[in-house]
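Have a look at the structure below before the remarks.
The values are calculated or read from the model by the stated rules, or taken from the named source; none is laboratory data. Predicted model, so just to flag it, every value in this text is computed and none were measured. So basically every Cβ, Gly included, is an ideal-geometry build from the backbone, and we count neighbours across all protein chains shown.
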Ligand SMILES: Cc1cc2nc3c(=O)[nH]c(=O)nc-3n(C[C@H](O)[C@H](O)[C@H](O)COP(=O)(O)OP(=O)(O)OC[C@H]3O[C@@H](n4cnc5c(N)ncnc54)[C@H](O)[C@@H]3O)c2cc1C
């Protein structure tokens, strides 16, 4: 490890990005290395890079630029990193405070304590991934169930539809619409601020909170029933699990989305998931849904059959105020991340034409056979099974583990220092992507991101940590915006034994992407290929529903600099490949996209995506969905026609039939 002077010289000669690529691991995995690239040193390094120097030295305009929106928090973070004079941050902070003047107190609508409901008039809405834009007539920010009830009744009286938003991380158009009503479950400044702010649970906000409410026995395991406010975030829940006055290391969810900046109402509505063959979706964990219904009344659904419709219904039943989840007793994950050569992580299926760019030297048939057996063991036996390929890298990153760690060995992970580093690292990459990297060719952007990502991830170490920590092993994800398309491909049976899974479908789906990336002249994959193995689902509209032998959950991610047309063409090419697979009976597998991710505007099997999903992929599920909604509506004293108040144009197109 050199000193700062030596590093500055290196950056001067090669540029910061190349230095990160070559020396990333050395820099991000030791306290000395971390110190070298943190705080004031980072400023020195950015100054040393001839390309980045203007960004480090020019006082950043307090006005947001089209390239990078500098929010108050961003400016404070830049100031902390020494990239900005603190008086600029402070003055901009004041102008952000001015923005709060736009938040108004509604003259008629009241919270439970009689205080006015907050709202903003005609505020432009954008989702995190910048694929959805609209201007609702009103954006409400309620803090109590009573407030939500008032809003729904008001919307109904004013002939407006009303939909919620959590952290706004979904890419599909599942939010509100022009001229309608949006309920922001979190304050807009929390969701729009980078780097992420992650506030603790607000005791004044009755839509946030975590409470153990009972016990239940399931599959021979005694579980806790836990009521979670729909506006509670994953980060707040993670902290609660470890807090002595909360879950006290006793309870955890068995699966979750990796990212901590997600609301529970937001991840339940479009049926989100984690990894591991024994796990279904988050919505499968739900025992009770509480929501404000079309009459503006509070309604709960806990009947086991109906919960399968109410959890994961895209917000069509109303505004969810809380979910009661089944929690598992806390266990301890023993993470053993590895970075094997690409061909040995997920071996190519038999006879697959491996692209020439992938180095297969010194990979023998015996190596591939051994690696295939290992891959299958990961799929079938691991508690959590996940693989990453960062574009053009010779190695993959394998994150497969069991929950067989001992409590006495367990430590929080990542540590506070590592968390801070990951948060600053992702934020720095976002700044680089928005500035210097934007001028570079796509492939260079991809390679630089990939080498930094590989450098920042642990490898060949054992980390024992509470399960909830292992599920959220990577932090700071909020700080780096991406685009993302994901498919849930059913694992078919083997031709020689219909009761056994044929894992080669995962190998094929994985290698089809790698080959496509190397074969094309452009470079649309600039972040990652990620694959997880998981179970099926009992949730009515889950894309994993009916996947008896498991699901290959696979996705492609890129940065926001990738030209839209290039990314769209790539998504279509990959969707065509993933939808072309057949089972041993010769019938196409029912591969379906993740509802919350990118699929709109594509064609599936030569039909517009919406038509394919409605008329083919979910043709057997929609009648059950309609029956479930109808039964719930009847219990609440309204009809499915009344549910239109919670719909939007996309959901009308998909599920128009259920409202009849
Ligand atoms: C970087 C990144 C990583 C991700 N990783 C994963 C992953 O590992 N696994 C996975 O499955 N998904 C993943 N996702 C997708 C993500 O989990 C979903 O987009 C999720 O819906 C986001 O939660 P949110 O709080 O941002 O909700 P939003 O995106 O704001 O809302 C999602 C939907 O829920 C509805 N909704 C929100 N709150 C309520 C409520 N109270 N009542 C009724 N309806 C409501 C909204 O109307 C919208 O239709 C990832 C997304 C990102 C950006």
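At-a-glance table
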| read-out | value |
| --- | --- |
| Selection count where residues are closer than 20 Å to residue 159 by Cα and either touching a residue at least 12 places away in the same chain (Cβ under 8 Å) or crowded, with 21+ Cβ neighbours inside 10 Å (or both), scope the stretch 625-654 | 16 |
| Residue count for the stretch 462-517, restricted to those that are outside any helix (DSSP H, G or I) and more than 16 Å from the ligand (Cβ to nearest atom) | 19 |
| Spans of helices (runs of 4 or more DSSP H) in the stretch 555-637 with at least 3 residues at pLDDT 95 or above and under 13 Å from residue 654 (Cβ atoms) | 609-612, 622-636 |
| Restricting the stretch 177-211 to residues that are away from the ligand (no atom under 11 Å from the Cβ) and part of a strand (DSSP E or B), the residue that is farthest from residue 315 (Cα to Cα) | 211 |
| Residue list for the stretch 238-259, filter: crowded, with 24+ Cβ neighbours inside 10 Å and within 12 Å of the ligand (Cβ to nearest atom) | 255, 256 |
| Selection count, the stretch 260-273, where residues are more than 6 Å from the ligand (Cβ to nearest atom) and on the phi < 0 side of the Ramachandran plot | 4 |
| Filter result for the condition that a residue is within 16 Å of the ligand (Cβ to nearest atom), closer than 30 Å to residue 281 by Cα and in contact (Cβ under 8 Å) with a residue 60 or more places away in the chain, over 319, 376 | 319 |
| Filter pass, residue 263 being in the same structural domain as residue 205 (by TED's automatic domain parsing) and within 15 Å of the chain's Cα centre (by Cα) | yes |
| Condition met for residue 281 (within 16 Å of the ligand (Cβ to nearest atom), more than 19 Å from residue 163 (Cα to Cα), assigned by TED's automatic domain parsing to the domain that holds residue 142 and crowded, with 23+ Cβ neighbours inside 10 Å) | yes |
| Residue within the stretch 153-162 that is buried (at least 22 other Cβ atoms within 10 Å of the Cβ) and more than 17 Å from residue 314 (Cβ to Cβ) present | yes |
| Sole residue being more than 10 Å from the ligand (Cβ to nearest atom) and surrounded by 24 or more Cβ atoms within 10 Å (Cβ to Cβ), chosen from 308, 295, 304 | 308 |
| Condition broken by residue 445, with the remaining ones in (1) closer than 26 Å to residue 567 by Cβ; (2) away from the ligand (no atom under 16 Å from the Cβ); (3) in a loop (DSSP other than H, G, I, E, B) satisfied | (3) |
| Boolean, residue 422 is under 20 Å from the mean Cα position of the chain (by Cα), surrounded by fewer than 21 Cβ atoms within 10 Å (Cβ to Cβ), closer than 30 Å to residue 372 by Cα and within 16 Å of the ligand (Cβ to nearest atom) | no |
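The rows are residues; the columns are (1) within 16 Å of the ligand (Cβ to nearest atom); (2) farther than 26 Å from residue 255 by Cα.
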site	(1), (2)
312	yes, no
335	no, no
343	no, yes
356	no, yes
